[in-house]
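The block underneath contains the structure these notes are about, expressed in structure tokens.
We did not get these values from a lab; they are worked out from the coordinates using the rules stated. Note that the coordinates shown come from a computational prediction; the quantities given were computed from them, not determined experimentally. Cβ sites come from the backbone with ideal geometry, for glycine too, and all protein chains shown count toward neighbours.
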């Protein structure tokens, strides 16, 4: 936004501090009018013919705008993605422990990425990894929905789970 002396247009349409139309005048006259009221002349619609300028307290406007942005940022919810890595020859207890961790993450409102990495000759049997990852999804089924189906990417299979409950604060 251009303010005060930065406005180089010959004629501008001027809007007062209380949104009243003050008419079309030269930018010098508009700047003088704003100066008399100890306010700033701000160009709010440069594409219009003639450009529209408003008489306002620009510092206060910027402060209010920053305040609104901070408020909006405070109300924003960020979604964390937690990753759980499995191996093809995982034992039952380890599997249950990792499923428990995933359920805890899901209850907290995070998304969970499950990945199975194939090493060496394990690449010859991707169906075992897919069965393992589907079994993991079933173990977490009461806490999660499958957001993204298992997909083979290079030497690993990945799948995303999202919580099926409202996050608790």
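Tabulated data for the structure shown
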read-out: Tensor-based shape of region 81-163 (alpha-carbon gyration tensor, a/c under 1.5 rounded, otherwise prolate or oblate); value: prolate
read-out: Residue of 89, 18, 103 that the Gaussian network model of the chain assigns the largest fluctuation, springs spanning Cα pairs under 10 Å; value: 18
read-out: Contact order relative to length of region 81-163, as percent, for alpha carbon pairs under 8 angstrom and 6 or more apart; value: 35
read-out: Protection-proxy order for peptides 105-111, 20-26, each taking the mean of Cβ atoms within 10 Å per residue, highest first; value: 105-111, 20-26
read-out: Label-point separation, residue 80 to residue 97 (7 Å along Cα→Cβ), nm; value: 2.0
read-out: Net length gained if the chain between residue 63 and residue 125 were fully extended (0.36 nm per residue, minus Cα distance); value: 16.2 nm
read-out: Centre separation in Å (Cα based) which lies between region 25-51 and region 78-129; value: 62
read-out: The chain - share of DSSP beta bridges that are antiparallel (%, nearest 5); value: 75
read-out: Gain upon complete extension [residue 44, residue 29; 0.36 nm per residue less C-alpha separation]; value: 3.7 nm
read-out: Debye equation applied to the C-alpha atoms of the chain, log10 I(q)/I(0) at 0.15, 0.18, 0.19, 0.20 Å⁻¹; value: -0.80, -1.04, -1.10, -1.15
read-out: Extended-chain gain in nm, criterion 0.36 nm per residue less alpha-carbon gap, residue 72 and residue 155; value: 25.8 nm
read-out: Packing-based exposure ordering (other Cβ within 10 Å, fewest first) of 39, 86, 2; value: 2, 39, 86
read-out: Candidates 112, 79, 15, ranked by Gaussian network fluctuation over the chain, Cα under 10 Å, top entry; value: 15
read-out: Theoretical ellipticity at 222 nm over the chain - DSSP helices of four or more residues, -39500 (n - 2.57) apiece, nearest 500; value: -11000 deg cm²/dmol
read-out: Descending principal axes extents, region 4-74, alpha-carbon based, whole Å; value: 42, 27, 23
